[in-house]
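The values are calculated or read from the model by the stated rules, or taken from the named source; none is laboratory data. Everything numeric in this text was worked out from a predicted model, so none of it was measured. Quick reminder, even Gly has a Cβ in these numbers, built from the backbone with ideal geometry, and neighbours come from all protein chains shown. Each accessible area value is taken on the protein alone, full model and side chains, heavy atoms only, with ligands, DNA and RNA left out. Shrake-Rupley method; radii C 1.70, N 1.55, O 1.52, S 1.80 Å.
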Amino acid sequence: MSAIVKAVKSTHRHPLNKLFHLIGLSLYFFAFFIFISNLIGNQDQNPMFGLALWLTAINLFIVGHMIEDNVRSVTVIILFK
């Protein structure tokens, strides 16, 4: 098993964290879809709605890791450490 898979499994054990990540990932990809559709010229969705979804997803990820008591393992924190 790779180190990344071990790290993910060890930092995502609590059921609420898994649920928040499932919801957050859905919102994250929907927000990404909104951003891309705006870039290619489809103006059906407000880009601010996409931003709000993206920020909500990030907050769900962070809250999930707060429940696990391992916020330091969040990718953004690791990247900017």
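From largest to smallest, the equivalent ellipsoid semi-axes obtained for segment 4-45 from the alpha-carbon gyration tensor read 31, 12, 4 Å.
Against the chain, whose longest principal axis comes from its Cα atoms, helix 15-39 is set at around 30 degrees.
The residue 7 and residue 67 beta-carbon pair, evaluated with R₀ = 22 Å, returns a calculated FRET efficiency of approximately 0.80.
Evaluated with a Cβ-only charge set (Lys, Arg +1; Asp, Glu -1), the chain carries a dipole of roughly 380 debye about its Cα centre, given to the nearest 20.
The residues of the chain expose on average 74 square angstrom of accessible surface per residue, using a 1.4 Å probe on protein heavy atoms. Extension gain for the segment residue 19 to residue 43, taken as residue separation times 0.36 nm less the Cα-Cα distance, is 5.5 nm to one decimal. By accessible area, using a 1.4 Å probe on protein heavy atoms only, the chain has 72% of its surface on carbon and sulfur.
Taking the C-alpha atoms only, the angle from helix 47-68 to the longest principal axis of the chain is near 10 degrees. The alpha carbons of the chain stretch over 41, 24, 24 Å along the principal axes, in descending order.
Candidates 5, 27, 39 compared by Cα position along the dipole of the chain: farthest toward the positive end lies 5, with charges placed on Cβ.
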